[in-house]
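Enquirer: Take a look at the following structure, please.
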Amino acid sequence: METLRRVAVRAARLARTAGFGRGTPAARRALQHLGHVQIDTISVVARAHEHILAARVPGAGADDLQTLVARREAFEYWAHAAAYLPISDYRHTLPRMHRMAARARHHAPAQKREKKRVLDRIRAEGAMRARDFAAPPGRRGGWWDWKPAKLALEQLFHEGRIMVAAREGFQKRFDLAERVLPDGTDTRRPSLEEHAAWLVARARQSLGVFTARHAYYQRREAGLGRAVTDAVDAAVERGELTLVANPSLPQSPRWYANTAALEDAARPVTRRARALSPFDPLVIHRDRLRAIFGFDYQLECYVPAPRRQYGYFALPLLHGTRFLGRADCKADRRASTLRCLRLSMEPACNTTTGRSQAREALEALARTVGCEWHGRETNNCRLPRRSEAVRPPRPPRRV
């Protein structure tokens, strides 16, 4: 199982401290490798897209993503959720766009009129925000009470007729797709077989170990499941994937691993400790996380408070190829302090060494979000001071 864990961590590009380098070019390489960086509005610690990127590119953040969008090297759309994607993958968002456009044929006449009105204004006046459209009398227009123009913008976005040209904070500025896409973008809709083969190649690269279902996670195109299964079988025949025979994994569905990564699995993985985003690609498939790492994780901000076991925003703590536990954190930006409200260690890691590694992860997280970490006690587990920390010797630096 350790071999599979190494393959998964290396595929997620968490096996090295700065495997992509630094700066915006490194952010572009990271996005290209992962295939997407999920967007989420929760900012208890850091927004998901910033946290995911910074875990692989030290110092990277929203500015780098906006630079990539401005350079037309990245764009916003939908992977399994809202995300930034590399512009080279635009073609493979078309199946979803066509499906959403087909659903739009059943919209009410009033919706269709509003979409036309919004589209005509953008065509005539250029990129616009939702706030540039007045709400009808009596409507507040917040996200909980979207005005017709806001609904029209979102519908047009999902249909692919408009794209996010830029952001001002979380305010999106929309423009016609043809004015946002760079010249030469491939806009041919892929066949079902092409799309399935691309999804399997993406999973082989960014997941390393997966089932066919993980490859088409949250995608609803008709016939896609069967097509992905056929693409997996074809990849096995070509030697690109290997059927995993491990008694510790569930026997159904079948598990596959990147053949080249299996052959390279003996290389060491960095022993750096880090706190991951709940939306990080390594942990987003919770069943995969349980099967490979034996780590049962759930984000509890969506769970009623009385039923929470680990806290509102408990982050998974990774060290090497094992998960140490969870830290429920909050960034107090006024005080520039990262607070750990609750630390919950896995039983095997609840040792002085394990808690020292947890402290290392939280100190690194504090630096990432521009806060200080004071090593305060949590309500159920004391983090040792630096003088008490038991650290294994660092391996020689690889040149």
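Enquirer: Give me a comma-separated list of calculated 3J(HN,Hα) values for the range 264-271, in order, Karplus coefficients 6.51, -1.76, 1.60 applied at θ = phi - 60°, integers in Hz, x for any Gly or Pro.
Expert: For the range 264-271, the Karplus curve yields 9, 6, 6, 4, x, 9, 4, 8 Hz.
Enquirer: Provide the FRET efficiency to the nearest 0.05 for the THR67-GLU221 pair, computing r from the beta carbons and using R0 = 30 Å.
Expert: 0.40
Enquirer: I'd like to know which of MET128, GLY169, ALA101 lies farthest towards the positive end of the charge dipole of the chain, counting +1 on Cβ of Lys and Arg and -1 on Cβ of Asp and Glu.
Expert: In the chain, that residue is GLY169.
Enquirer: Okay, next question. Which trypsin sites (Lys or Arg not before Pro) in the range 186-248 sit in a loop by DSSP (not H, G, I, E or B) and have at most 11 other Cβ atoms within 10 Å of their own Cβ?
Expert: Answer in residue order: ARG188, ARG220, ARG238.
Enquirer: Hey, another quick one. Projecting each Cα onto the charge dipole of the chain (Lys/Arg +1, Asp/Glu -1 at the beta carbon, about the Cα centre), which of LEU199, VAL283, ALA212 comes out farthest on the positive side?
Expert: Farthest towards the positive end: VAL283.
Enquirer: Another question, then. From the helices alone, meaning DSSP H stretches of at least four residues, give me the mean residue ellipticity at 222 nm for the chain, per-run term -39500 (n - 2.57), in deg cm²/dmol to the nearest 500.
Expert: Result for the chain, helices only: -11000 deg cm²/dmol.
Enquirer: How large, in Å, is the range 2-135 by the Kirkwood hydrodynamic radius built from its alpha-carbon pairs?
Expert: So the Kirkwood estimate lands at 17.2 Å.
Enquirer: With charges set only on the Cβ (+1 for Lys and Arg, -1 for Asp and Glu), what does the dipole of the chain come to about its Cα centre, in debye to the nearest 20?
Expert: 740
Enquirer: Oh, and also: For the range 170-226, what are the per-bin percents of Cα-Cα distances with bins 5 Å wide, up to the bin holding the maximum?
Expert: Values per bin, smallest distances first: 4, 15, 20, 15, 13, 17, 13, 3.
Enquirer: Provide the packing ranking of 75-83, 323-331, i.e. peptides ordered by the mean count of other C-beta atoms within 10 Å per residue, highest first.
Expert: Per-residue Cβ counts within 10 Å, averaged per peptide and sorted highest first, yield 323-331, 75-83.
Enquirer: How big is the charge dipole of the range 50-189 about its Cα centre, in debye rounded to the nearest 20, if each Lys and Arg gets +1 on its Cβ and each Asp and Glu gets -1 on its Cβ?
Expert: So the dipole magnitude of the range 50-189 works out to roughly 800 debye.
Enquirer: Sticking with this one: Can you grab the distance from the C-alpha centre of the range 49-81 to the C-alpha centre of the range 90-129, Å, no decimals?
Expert: If we compute the Cα centre of each part, the gap is 25 Å.
Enquirer: Considering the dipole of the chain built from charges on the beta carbon (Lys and Arg +1, Asp and Glu -1) around the Cα centre, which of LEU243, TYR90, ALA222 is farthest to its positive end?
Expert: TYR90
Enquirer: Whole-Hz Karplus ³J(HN,Hα) for the range 209-225, in order, using 6.51 cos²θ - 1.76 cosθ + 1.60 and θ = phi - 60°, x for Gly and Pro?
Expert: Per-residue couplings from phi come out as 10, 6, 9, 4, 5, 5, 5, 10, 3, 6, 9, 10, 5, 4, x, 5, x Hz.
Quick note: the coordinates plus some simple rules give every number you see, no bench work behind them. From a predicted model like this one, the values you see are computed outputs, not experimental measurements. When we count neighbours, we look across all protein chains shown, and the Cβ atoms used for this are built from the backbone with ideal geometry, even at glycine.
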